[in-house]
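Values quoted throughout were computed directly from the atomic coordinates according to the rules given, and no laboratory measurement underlies them. Predicted, not measured: the structure shown is a model, and the values here were computed from it.
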Amino acid sequence: MCDRVMRVFSGIQPSGNLHLGNYLGAIVNFVELQDANQCIYCVVDLHSITVWQDPEKLKRNIHEITAGFIASGLDPKKSIIFNQSSVQEHAELSWLLNCVARVGWLNRMTQFKEKAGKNKEKMSVGLYTYPVLMAADILAYKATHVPVGEDQKQHIELSRDIAQKFNIDFHDRILEITAKDEFFVLPEPMITGPVTRVMSLRDGQKKMSSSELSDMTRINLLDTADQISNKIKKAKTDSEAIPEKMIEIGDRYELINLLSIYAGISGQRKEDVLSEFSGKQFSYLKEALTDLLVQKICPIGNEMNKIIDEKEYLGNILQEGAKKARAIAHPVLEETKKIIGLA
Ligand code: AMP
Ligand code: TRP
């Protein structure tokens, strides 16, 4: 990591429950970064509507993510917290960047292929160009670092490609208008959460996700102690003993996942967690993991429940955040338009 202050940007979609994957893969990092860097965290509501969202629920989901941020330790005095649709510069820059990105680049995006599956023709156009909106989110702030889970790496690489193509295509204009060689900053992905890929409790080869139909596949930040206990009890495992060394684990994905979650939550190394549980029954590991999750996750859920209905409090945080965000994004958009020849 560099020792200069970084400008950090990241986003989470308000499209369902905040789960352990979001927490360990992203939010834990968000909180850690906020003390020493300029951090901007966005509830990406425009991304969420690329698939159908119930309008009645969307507003509540936006507040739920905001409450999750606050309950996990984000401080609106230290970090800018806002929702994407309240800063219109995102949508406008996204259009400009749609004209820079190439169809061939988007065709390579694995997340679209996974989400669309065989129904590509029936998906919204928004779902297809979603990574370009994501690039606009990041580039509008000239963010230097983007903390995300592993599944987002390809999208950040696309953001870099778009930034680079813009810098090259408009090089002479950029030089003339800004007296610099480059306009957009190429953002670095930060895939450094305690667990960069938390897997489903029912299939150790699938990522934990809010779009998975069965709630038994994930731990939500709002789960009660009983729900957590039930889900961990029923989590898929195999019938072999827990080995001594990581190298002996091989392709026992479900075991690897439970150990990783334990390590991520407790702040221990996976190797140390393994030596604590080697030779023991799975039920022993599951009980210890349940206790740990109840101890660490339930207080966050309780806090979320406390603030989720404080609409004015949450509304104010988002409004204040949007003002600060716009102050950064607006001049960048205006300059982009000038470079392109639009203003
Ligand atoms: P999303 O819920 O798709 O908006 O994701 C928000 C953030 O959580 C992104 O940085 C994702 O990479 C991260 N994330 C989502 N699911 C997981 C997972 N199963 N493991 C690790 N990180 C995840
Ligand atoms: N696409 C990301 C996800 O689904 C969310 C996101 C949108 C994002 N814009 C972003 C993440 C900008 C980082 C930076 O997880």
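How many angstrom lie between the C-alpha centres of segment 310-340 and segment 99-147? For segment 310-340 versus segment 99-147, the Cα centre distance is 22 Å. For the residue pairs 118/206; 142/337; 59/337; 233/280; 286/306; 122/236, the C-alpha atoms sit more than 23 angstrom apart in 59/337; 286/306; 122/236.
Computed over the chain, the per-residue total of -39500 (n - 2.57) for DSSP H runs of n ≥ 4 gives a 222 nm mean residue ellipticity of -16000 deg cm²/dmol, rounded to 500. To test your reading of the geometry: what angle, between 0 and 90 degrees and rounded to tens, separates the Cα axis of helix 253-266 from the longest principal axis of the chain? Taking the Cα atoms of the chain, the angle to 253-266 is about 80 degrees. Please figure out what share of the DSSP beta bridges in the chain is antiparallel and state it in percent, rounded to the nearest 5. Beta bridges within the chain, antiparallel portion: roughly 10 percent. Partners of residue 207 within straight-line reach, counting aspartates and glutamates whose Cα lies under 14 Å from its Cα and excluding those fewer than 8 residues away in the same chain: 114, 150, 151, 215, 254. Our coupling estimate for segment 232-247, obtained by passing each phi through the Karplus curve with A = 6.51, B = -1.76, C = 1.60 and θ = phi - 60°, is 5, 4, 8, 4, 5, 9, 10, 9, 8, 6, 7, x, 8, 10, 4, 4 Hz, Gly and Pro reported as x. Note that segment 17-24 has calculated 3J(HN,Hα) couplings of 7, 6, 10, 4, x, 4, 5, 6 Hz, one per residue in order, obtained from phi through the Karplus relation 6.51 cos²θ - 1.76 cosθ + 1.60 (θ = phi - 60°); glycine and proline are x. Between amide H atoms placed 1.01 Å from N, distances below 5 Å from residue 199 occur with 208, all of them 5 or more places distant or on a separate chain. Structural descriptor for the chain: relative contact order 23 percent, calculated from alpha carbon pairs under 8 angstrom and at least 6 residues apart.
Annotation: Cα Rg of segment 215-306 relative to the compact-globule expectation 2.2 N^0.38 Å equals 1.09. Per the Debye calculation on the chain with a single equal scatterer at every Cα and no solvent contribution, log₁₀ I(q)/I(0) for q = 0.12, 0.14 Å⁻¹ amounts to -0.89, -1.16.
Here the relative contact order of segment 215-306, from alpha carbon pairs under 8 Å that lie six or more residues apart, stands at 42 percent.
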